[in-house]
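The values are calculated or read from the model by the stated rules, or taken from the named source; none is laboratory data. In this text the structure is predicted, and so the values were computed from the model without any measurement. Cβ coordinates were reconstructed from backbone atoms using ideal geometry, including for glycine residues, and neighbour counts include every protein chain displayed.
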Amino acid sequence: MAAFRYAYQKIVDLKSSEKTQAEWQLSSAIGVLQAEELSLAELRQKRTEWESKQHESSNEAVSLAELQLMQHYLEYLDSCIASKLTDVRQAERKVEYNRSNLADRMKDEKVWLKAKEHAKDRFRHVMQIKEQNELDEMATVRFKVSVPS
């Protein structure tokens, strides 16, 4: 019996490779998003700490310069947090883009795998018909040989 060879196997392999690459890109984008979110959380924690330091120092005798310095640092942290929020949103958009890209690649791969499976089913059907025809021919020949003329 002949072996099945799919004419478009290289396309199936390419689609599989594209899907794998899309998975890696999504994984990388998720890693970047997690790093940005962690950095944002650290900035927020640092701001909370400095805010409580400023609040505590208002109860103590602290110079105006120190209070102003704390206030400037809190404003700096606010601008860092705003910037980091922009980075997080950008990383989230990148993750969504990569998710969508992966979904498209998975659909492409599935379409080509289905086409390959259908081709394989047709091949099996043709081979079964050939095999049945050969068996029928052998049975006919045996019958003719066994029947006296």
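Identify, by number, the condition in (1) among the hydroxyl-bearing types (S, T, Y); (2) loosely packed, with under 13 Cβ neighbours inside 10 Å; (3) more than 40 Å from the chain's Cα centre (by Cα) that Y76 doesn't meet. (3) is the only condition that Y76 fails. A103 fulfils the conditions (1) within 23 Å of Q21 (Cα to Cα); (2) outside any helix (DSSP H, G or I) except for a single criterion, (2).
The rows are residues; the columns are (1) over 30 Å from N133 (Cα atoms); (2) assigned to a helix (DSSP H, G or I); (3) among the basic types (K, R); (4) touching a residue at least 24 places away in the same chain (Cβ under 8 Å).
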position: I11; (1), (2), (3), (4): yes, yes, no, yes
position: V32; (1), (2), (3), (4): yes, yes, no, yes
position: L38; (1), (2), (3), (4): yes, yes, no, no
position: R47; (1), (2), (3), (4): yes, yes, yes, yes
position: Q54; (1), (2), (3), (4): yes, yes, no, no
position: V62; (1), (2), (3), (4): yes, no, no, no
position: Y73; (1), (2), (3), (4): yes, yes, no, no
position: A82; (1), (2), (3), (4): yes, yes, no, no
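Restrict the check to segment 29-51 and report whether at least one residue is under 30 Å from W112 (Cα atoms) and at pLDDT 95 or above. Yes - at least one qualifying residue is present in segment 29-51. From the list D87, D108, D136, the lone residue that is of a type outside the set (K, R), surrounded by 13 or more Cβ atoms within 10 Å (Cβ to Cβ) and more than 18 Å from A29 (Cβ to Cβ) is D108.
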